[in-house]
Amino acid sequence: MTQYWLIKSEPFKFSWDDLVRLKKDHWDGIRNFQARNNLKAMKKGDICLFYHSNEGKEIVGLCQVVTEHYPDPTDDTGKWVVVDVVPIKPFKRFVTLAEIKATPALADMALLKQMRLSVAPVRAEEFDYLLKLGETTL
DNA sequence: GCCAACGTTGGC
DNA sequence: GCCAACGTTGGC
């Protein structure tokens, strides 16, 4: 069963456009245990919403997990992991944080409940709703 | 740039 | 094992 996730990145560090340009990249730099556990729970084929934090504050596109977790090459301690993702397609219409907050059906999203969690699960019904808001289909 | 929220660390 | 201090994230 496909699981849905939301992954955050600050666009000036690593943006949607960067991922599109690279075609594929490992999602690194996660240094939070809960986020790491979520990374470890990701399965090949899972779908991720790409969210721009700090600047933009909106969901900009869809990507897919192509390689399940392996040790983070930028980490010496051996504690942290990365996954590989590829872009699928951008949202036709970006979905902003303000919009998510203003939508009762999305009020329970982990994104809102735990703002600092950079890798968060998304429920299927939330995912469907977001796709609709983004005027995009898989 | 500020600050609130929250996760992590380390002293006891 | 508690909790204060500290660091980081991310919205505003």
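The values are calculated or read from the model by the stated rules, or taken from the named source; none is laboratory data. Worth saying up front: this structure is predicted, and the values here are computed from it rather than measured. Backbone-built Cβ (ideal geometry, glycine too); neighbour counts: all protein chains shown.
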| note | Taking first residues from segment A:38-57 that are more than 16 Å from A:I88 (Cβ to Cβ) and charged (D, E, K, R) and second residues anywhere that are part of a loop (DSSP other than H, G, I, E, B) and at pLDDT below 95, the pairs with Cβ under 6 Å that are 6 or more apart or on different chains are A:E55/A:P11
| field | Selected residue [within 16 Å of DNA strand B (Cβ to nearest atom) and of a type in the set (G, A, S)] from A:G61, A:G45, A:G56 | value | A:G56
| said: With the structure loaded, tell me whether A:F50 is out of contact with any Leu (no Cβ under 9 Å at 6 or more places or on another chain) and either surrounded by 14 or more Cβ atoms within 10 Å (Cβ to Cβ) or at pLDDT below 90 (or both) or whether it fails that test. | reply: no
| task | Considering only residues that are more than 13 Å from the chain's Cα centre (by Cα) and without any contact (Cβ under 8 Å) to a residue 60 or more places away in the chain, look in segment A:21-35 and name the one that is nearest to DNA strand B (Cβ to nearest atom). | result | A:F33
| task | Quick one: A:F50 ticks every box in (1) part of a loop (DSSP other than H, G, I, E, B); (2) hydrophobic (A, V, I, L, M, F, W, C); (3) within 16 Å of DNA strand C (Cβ to nearest atom); (4) closer than 17 Å to A:L138 by Cβ except a single one, so which number is it? | result | (1)
| request: Could you identify the single residue in A:G29, A:G56 that is within 13 Å of DNA strand C (Cβ to nearest atom), of a type outside the set (K, R) and closer than 23 Å to A:L106 by Cβ? | output: A:G56
| remark: Listed by first then second residue, the pairs whose first member lies in segment A:104-127 and is closer than 12 Å to A:Y4 by Cα, whose partner is within 11 Å of DNA strand B (Cβ to nearest atom) and β-branched (V, I, T), with beta carbons under 7 Å and at least 6 positions apart or on separate chains, are A:V119/A:I30
| Is one or more of the residues making up segment A:12-20 touching a residue at least 24 places away in the same chain (Cβ under 8 Å), touching a Leu at 6+ places or on another chain (Cβ under 8 Å) and not in a strand (DSSP E or B)? | no
| remark: The one condition A:T77 fails out of (1) within 16 Å of DNA strand C (Cβ to nearest atom); (2) closer than 20 Å to A:K24 by Cβ is (2)
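This table checks each residue for (1) of a type in the set (S, T, N, Q); (2) under 25 Å from A:L131 (Cα atoms).
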{"residue": "A:Q3", "(1), (2)": "yes, yes"}
{"residue": "A:D28", "(1), (2)": "no, no"}
{"residue": "A:I47", "(1), (2)": "no, yes"}
{"residue": "A:H52", "(1), (2)": "no, yes"}
{"residue": "A:G61", "(1), (2)": "no, yes"}
{"residue": "A:K89", "(1), (2)": "no, yes"}
